[in-house]
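Undergrad: Just dropping this structure here.
The values are calculated or read from the model by the stated rules, or taken from the named source; none is laboratory data. Here the structure is a predicted model, which is why all the values come from computation and not from measurement. Glycine gets a Cβ as well: all are built from the backbone with ideal geometry, and neighbour counts include every protein chain shown.
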């Protein structure tokens with residue numbers, strides 16, 4: 001069943017049904033027997049916020065108390081700090097979309113990121129630097145100093161690390177990761193092009209050697225190997241198993257090949273002990289009825305294991321723009337133009353020649369035409385603010401799960417990798433109308449996962 005087809009299902013509960021005692025909330029799509037709050041009793045700002053971000057609720061007279069509390073907690077922050085789209089909806093943060101428990105922020109937990117390159121983004125370095133180690137495996141002297149010499153591959157690792165552990169400092173804390181207080185270790189594996197299994201293998205071995213030195217409890221790998229093979233004969237998969245045996249939870253992106261006939265799952269995601277993460281498309285909404293699948297890879301693996309175990313947002317994920325790049329200049333110009341009055345549009349473009357060729361070529365056009373170009377380019381470039389944009393792919397689903405694992409370890413430091421995996425999948429929520437093979441145990445639920453971690457202490 002396709003995403004389009006799944007969204008054609010009629011909701012089981014309409015206004016009349018609710019009034020007659022129906023039990024399904026129109027926002028979260030959960031059964032809630034007796035905890036509904038009439039929309040009319042909510043203050044006007046709260047009504048507008050719910051309707052903007054869950055527009056289907058106009059047909060309903062009430063929403064569940066759980067959703068009301070969620071919007072109440074988020075109201076002031078959303079109105080003040082969230083970017084607003086042209087339809088009046090807001091660009092939501094990952095913690096808000098997943099209703100993460102903000103009592104836990106990954107404090108005291110270290111996450112290692114294996115990626116093609118990194119940049120010390122301010123969301124990781126202010127007010128204090130949480131990058132406690134950096135290793136460039138391409139250089140003999142690959143320590144912290146070279147981190148400040150970014151290359152063309154720096155953007156990917158910068159994004160994955162900030163998606164998980166950024167504090168959203170450039171958005172007043174709104175576009176933050178779920179583990180905003182976690183410490184991070186950055187391991188650069190390659191310059192450009194494809195990361196090989198040998199690169200990932202070397203990175204994991206370095207993590208194992210330095211596990212105790214930096215207190216590494218979680219490893220995020222947003223990269224895949226070369227081809228499908230049995231974990232019994234694959235050195236990389238065997239190293240993943242060693243990590244789990246030594247108390248390190250390995251979280252891997254499952255890949256973005258779900259549209260291919262064989263939808264392959266490569267190592268390290270195919271390793272039995274890793275947590276392989278697939279993709280959720282939630283349409284940037286807290287409305288659970290709008291949840292669908294992203295085109296992520298899925299098993300069975302070469303050894304017959306089901307992968308992924310869980311899914312997490314894989315599209316519309318807020319991530320930082322690499323500073324001091326043409327992309328950053330373009331985003332800054334677009335957002336400046338978007339908020340500027342009509343009479344200064346031409347002068348702003350003239351004052352910034354060479355930043356955007358399409359805008360330069362539009363200087364002789366009328367204001368309304370330039371406005372259209374600005375709106376289209378903001379959407380096309382996935383720009384949220386001058387500092388953040390949308391990204392997609394399971395590369396960004398994996399760090400979201402890594403951040404939830406950090407929350408769980410903060411709540412219960414005694415958890416082992418097998419226990420974390422069990423609690424994570426047991427607390428997940430399956431999507432209706434989608435094959436189990438594609439989604440595993442379903443969408444991660446950070447709040448329930450943390451509660452399960454506490455309960456197991």
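Undergrad: Sort through 187, 219, 240 and tell me the only one that's touching a strand residue (DSSP E or B) at 6+ places or on another chain (Cβ under 7 Å), assigned by TED's automatic domain parsing to the domain that holds residue 410 and over 25 Å from residue 124 (Cβ atoms).
TA: Being touching a strand residue (DSSP E or B) at 6+ places or on another chain (Cβ under 7 Å), assigned by TED's automatic domain parsing to the domain that holds residue 410 and over 25 Å from residue 124 (Cβ atoms) holds for just one of 187, 219, 240, which is 240.
Undergrad: Among the numbered criteria (1) touching a helix residue (DSSP H, G or I) at 6+ places or on another chain (Cβ under 8 Å); (2) in a loop (DSSP other than H, G, I, E, B), which one does residue 242 miss?
TA: So residue 242 meets the others, but not (2).
Undergrad: Moving to a separate point now. Tell me whether region 131-152 contains one or more residues that are crowded, with 19+ Cβ neighbours inside 10 Å, within 30 Å of residue 289 (Cβ to Cβ) and at pLDDT 85 or above.
TA: Looking for residues that are crowded, with 19+ Cβ neighbours inside 10 Å, within 30 Å of residue 289 (Cβ to Cβ) and at pLDDT 85 or above, one finds none in region 131-152, hence no.
Undergrad: Next up: Collect the residues in region 428-457 that are in a helix (DSSP H, G or I) and closer than 16 Å to residue 278 by Cβ, keeping them in residue-number order.
TA: The answer is 436, 437, 438, 439.
Undergrad: Continuing with this model, one more query. In region 372-427, what count of residues is obtained for those that are free of Cβ contacts under 8 Å to residues at least 40 places away in the same chain and either outside any helix (DSSP H, G or I) or within 17 Å of residue 311 (Cα to Cα) (or both)?
TA: Going through region 372-427 one residue at a time, the tally reaches 5.
Undergrad: Go through the residues of region 407-425 one by one and say whether even a single one is modelled with pLDDT of 95 or more, touching a helix residue (DSSP H, G or I) at 6+ places or on another chain (Cβ under 9 Å) and more than 21 Å from residue 457 (Cα to Cα).
TA: Within region 407-425 (the criterion being modelled with pLDDT of 95 or more, touching a helix residue (DSSP H, G or I) at 6+ places or on another chain (Cβ under 9 Å) and more than 21 Å from residue 457 (Cα to Cα)), the answer is no, since none of the residues qualifies.
Undergrad: Hey, another quick one. With the structure loaded, tell me whether residue 210 is surrounded by fewer than 24 Cβ atoms within 10 Å (Cβ to Cβ) and either under 16 Å from residue 397 (Cβ atoms) or assigned by TED's automatic domain parsing to the domain that holds residue 403 (or both) or whether it fails that test.
TA: It is true that residue 210 is surrounded by fewer than 24 Cβ atoms within 10 Å (Cβ to Cβ) and either under 16 Å from residue 397 (Cβ atoms) or assigned by TED's automatic domain parsing to the domain that holds residue 403 (or both).
Undergrad: Can you list residue pairs whose Cβ atoms sit under 8 Å apart, with the first residue in region 342-362 being more than 17 Å from residue 377 (Cα to Cα) and the second being part of a loop (DSSP other than H, G, I, E, B)? Count only pairs 6 or more apart in sequence or on different chains.
TA: Pairs found: 350/363.
Undergrad: Okay, next question. Check region 330-338 and report whether any residue there is loosely packed, with under 12 Cβ neighbours inside 10 Å and either in the same structural domain as residue 125 (by TED's automatic domain parsing) or in a helix (DSSP H, G or I) (or both).
TA: Within region 330-338, not a single residue is loosely packed, with under 12 Cβ neighbours inside 10 Å and either in the same structural domain as residue 125 (by TED's automatic domain parsing) or in a helix (DSSP H, G or I) (or both).
Undergrad: Report the residue count in region 48-88 for those that are under 27 Å from residue 165 (Cβ atoms), assigned to a loop (DSSP other than H, G, I, E, B) and at pLDDT below 65.
TA: 1
Undergrad: With 402, 369 as the choices, which residue is in the same structural domain as residue 155 (by TED's automatic domain parsing) and either touching a strand residue (DSSP E or B) at 6+ places or on another chain (Cβ under 6 Å) or over 23 Å from residue 285 (Cα atoms) (or both)? Reasoning before the result, please.
TA: Details: 369 fails: in the same structural domain as residue 155 (by TED's automatic domain parsing).
Within the list 402, 369, the selection yields 402.
Undergrad: Now, a different point. Quick one: would you say residue 37 is at pLDDT 65 or above, within 16 Å of residue 285 (Cα to Cα), more than 23 Å from the chain's Cα centre (by Cα) and not in a loop (DSSP other than H, G, I, E, B)?
TA: So residue 37 fails the test.
Undergrad: Got at least one residue in region 288-298 being without any contact (Cβ under 8 Å) to a residue 40 or more places away in the chain, assigned by TED's automatic domain parsing to the domain that holds residue 440 and over 20 Å from the mean Cα position of the chain (by Cα)?
TA: Let us first name the residues in region 288-298 that are without any contact (Cβ under 8 Å) to a residue 40 or more places away in the chain, namely 295.
Right, trim to assigned by TED's automatic domain parsing to the domain that holds residue 440 and you get 295.
Adding the requirement that they be over 20 Å from the mean Cα position of the chain (by Cα) leaves none.
No: region 288-298 contains no residue that is without any contact (Cβ under 8 Å) to a residue 40 or more places away in the chain, assigned by TED's automatic domain parsing to the domain that holds residue 440 and over 20 Å from the mean Cα position of the chain (by Cα).
Undergrad: Just checking, does region 305-315 include any residue being in contact with a strand residue (DSSP E or B) (Cβ under 7 Å, 6 or more places away or on another chain), closer than 23 Å to residue 171 by Cα, assigned to a strand (DSSP E or B) and in the same structural domain as residue 176 (by TED's automatic domain parsing)? Please lay out each step first, then the result.
TA: Residues of region 305-315 in contact with a strand residue (DSSP E or B) (Cβ under 7 Å, 6 or more places away or on another chain): 307-315.
After this cut, where a residue has to be closer than 23 Å to residue 171 by Cα as well, the list is 312-315.
Subsequent filtering for residues that are assigned to a strand (DSSP E or B) retains 312-313.
With in the same structural domain as residue 176 (by TED's automatic domain parsing) added as a condition, the list becomes 312-313.
Yes; the residues of region 305-315 include at least one that is in contact with a strand residue (DSSP E or B) (Cβ under 7 Å, 6 or more places away or on another chain), closer than 23 Å to residue 171 by Cα, assigned to a strand (DSSP E or B) and in the same structural domain as residue 176 (by TED's automatic domain parsing).
Undergrad: Of everything in region 354-371 that's in contact with a helix residue (DSSP H, G or I) (Cβ under 6 Å, 6 or more places away or on another chain) and outside any loop (DSSP other than H, G, I, E, B), which residue is nearest to residue 332 (Cα to Cα)?
TA: If we take residues in region 354-371 being in contact with a helix residue (DSSP H, G or I) (Cβ under 6 Å, 6 or more places away or on another chain) and outside any loop (DSSP other than H, G, I, E, B), then 359 is nearest to residue 332 (Cα to Cα).
Undergrad: Now a separate question. Would you confirm whether or not region 282-295 contains a residue that is touching a helix residue (DSSP H, G or I) at 6+ places or on another chain (Cβ under 6 Å), under 30 Å from residue 212 (Cβ atoms) and part of a loop (DSSP other than H, G, I, E, B)?
TA: So far as region 282-295 goes, no, none of its residues is touching a helix residue (DSSP H, G or I) at 6+ places or on another chain (Cβ under 6 Å), under 30 Å from residue 212 (Cβ atoms) and part of a loop (DSSP other than H, G, I, E, B).
Undergrad: Continuing with the same structure: Looking only at region 104-140, count how many residues are touching a residue at least 40 places away in the same chain (Cβ under 8 Å) and more than 13 Å from residue 168 (Cβ to Cβ).
TA: The qualifying residues number 24.
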